[in-house]
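Heads up: the structure comes next, in structure tokens.
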Amino acid sequence: MSVIVEQVTKRFTATGTPAVSDVSFHAPSGAITTLLGPSGAGKSTLLRLIAGLELPDSGSVRIEGVDCTHLPVQQRGIGVVFQSYALFKHMTVRENIAFGLETRRQSRADIEARVDEMLRLVQLEELGKRHPGQLSGGQRQRVAFARALAIRPKLLLLDEPFGALDSRVRVELREWLQSLHERTGVTTLLVTHDQEEALEISQHVVVMSEGRVAQAGPPEDIYDRPATSFVASFVGGTSVLRGHVRSGRAEVGSLVMAAPGTAREGEEVHAFVRPHDIKLVKPARGSTEPTTGRVARLKAVGGYVKVLLKLPSGETVTVEVPRAEFDDLGVVEGDCVQADVRMARVFLGDFAI
Ligand code: ADP
């Protein structure tokens, strides 16, 4: 049930930059694959090309080994859920779920049995007779999933399915989707701009930027080994710092870290440092050791404290310190501190993308 996209290009205007440009990737069978990227990266266009709602200028889309590039939507065996609830307002929940089945000429008894099964699957057994207007946003999206899955799709395509919901419901539905996927095992492609959602839900992530694939791989690789500076900055809320190679090490302001093996003395580098990869140390009273920077701002956010560290160069670095560790640290705004970089991604020269 895998999806293979090969060298797909799609332009909406003859002269402008393509919305999707020479994109190739593979969505493994039975997995949740996320298309992750900022707004305008081409994610929805790519999903619509796979659904058959758009035709590519070149390239191919294969679903389960079958070339579907020019196959009509109805023949692709896919279920789709969009951000806005595309439910029929005048139909009940049951009628909405049955919609795709009615057009497939099944017996009434078979349709009713399948609708019951879908209502159980999305845990809405009690609400079958309601209309969409009588449901919460989260419930409506669950009906949309039931309708998409009722036709036993080979592939489930989800375009920002939780994008219109408030953050608490979003997080709840994220967990719900994972358990739904464990029960159905349907190969799923999810479009999102939310890196946390992508890293948490999926087994495979395709990061997109300006119509192209910036990196594809398991979430751990994307997060721990970003291939380009774009990926490093987009995934992980990192601080971007510039510096130079000195004595084989990358000196970025008052921070020092390992430089890439090919680095030449004096060469420009930029480093991506994640908020939790910096350890702050308060100098002992009377210490003459140089400090790294000054605490410009402190903000408690849930289980950790966000520290804005101002370096002598004027650059700022965001550091996240777990609450308990912060209490032991005992710093206040205005204090000078030392900072150790536990891990950083250092690139030579300018941005890769
Ligand atoms: P994303 O889903 O990553 O936000 P989209 O695929 O929606 O990105 O859009 C990618 C680019 O293609 C954008 O520049 C967008 O304006 C353009 N685009 C998308 N759909 C159309 C369309 N139907 N006509 C013209 N331009 C479009």
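General remarks:
- For PRO226, the stated conditions do not hold, so it cannot be described as in contact with a strand residue (DSSP E or B) (Cβ under 8 Å, 6 or more places away or on another chain), over 25 Å from LEU348 (Cβ atoms) and assigned by TED's automatic domain parsing to the domain that holds VAL8.
- Any strands (runs of 3 or more DSSP E) falling wholly within segment 1-113 and containing at least 3 residues that are closer than 28 Å to GLU197 by Cβ and away from the ligand (no atom under 16 Å from the Cβ): 3-10, 20-27
- Of all residue pairs spaced 6 or more apart or on separate chains, those with beta-carbon atoms under 7 Å, a first member in segment 202-214 that is under 13 Å from PHE234 (Cα atoms) and a second member that is open to solvent by 10 Å² or more (accessible area, probe 1.4 Å) and aromatic (Phe, Trp, Tyr) are VAL206/PHE25; VAL207/PHE234; SER209/PHE230; ALA214/PHE230.
- The single condition among (1) exposed (fewer than 14 other Cβ atoms within 10 Å of the Cβ); (2) closer than 19 Å to ILE201 by Cβ that GLU102 does not satisfy is (2).
- Of all residues in segment 204-232, those satisfying the criterion of being surrounded by fewer than 23 Cβ atoms within 10 Å (Cβ to Cβ) and of a type in the set (A, V, I, L, M) are VAL213, ALA216, ALA227.
- When we screen ALA258, ALA296 for residues that are exposed (fewer than 15 other Cβ atoms within 10 Å of the Cβ) and within 25 Å of ALA214 (Cβ to Cβ), the only hit is ALA258.
- Matching option when the condition is open to solvent by less than 30 Å² (accessible area, probe 1.4 Å), more than 16 Å from the ligand (Cβ to nearest atom) and at pLDDT 95 or above, among LEU190, LEU180, LEU156, LEU173: LEU156
- Every residue from segment 51-73 that is among the acidic types (Asp, Glu) and open to solvent by less than 50 Å² (accessible area, probe 1.4 Å): GLU54
- Among residues of segment 49-60 that are assigned by TED's automatic domain parsing to the domain that holds VAL80, those with a beta-carbon under 6 Å from a residue that is in a loop (DSSP other than H, G, I, E, B) at least six positions away or on a different chain give the pairs LEU49/PRO56; GLY52/ARG76; ASP57/ARG11; SER60/THR69.
- Matching strands (runs of 3 or more DSSP E) fully within segment 198-262 where at least 3 residues are within 16 Å of the ligand (Cβ to nearest atom): 204-209, 212-217
- Selection count, segment 263-276, where residues are touching an Asp or Glu at 6+ places or on another chain (Cβ under 9 Å), buried (at least 17 other Cβ atoms within 10 Å of the Cβ) and not in a loop (DSSP other than H, G, I, E, B): 3
The values are calculated or read from the model by the stated rules, or taken from the named source; none is laboratory data. From a predicted model like this one, the values you see are computed outputs, not experimental measurements. Backbone-built Cβ (ideal geometry, glycine too); neighbour counts: all protein chains shown. Keep in mind that these areas ignore ligands, DNA and RNA; they rest on the heavy atoms of the full protein, side chains included. Shrake-Rupley method; radii C 1.70, N 1.55, O 1.52, S 1.80 Å.
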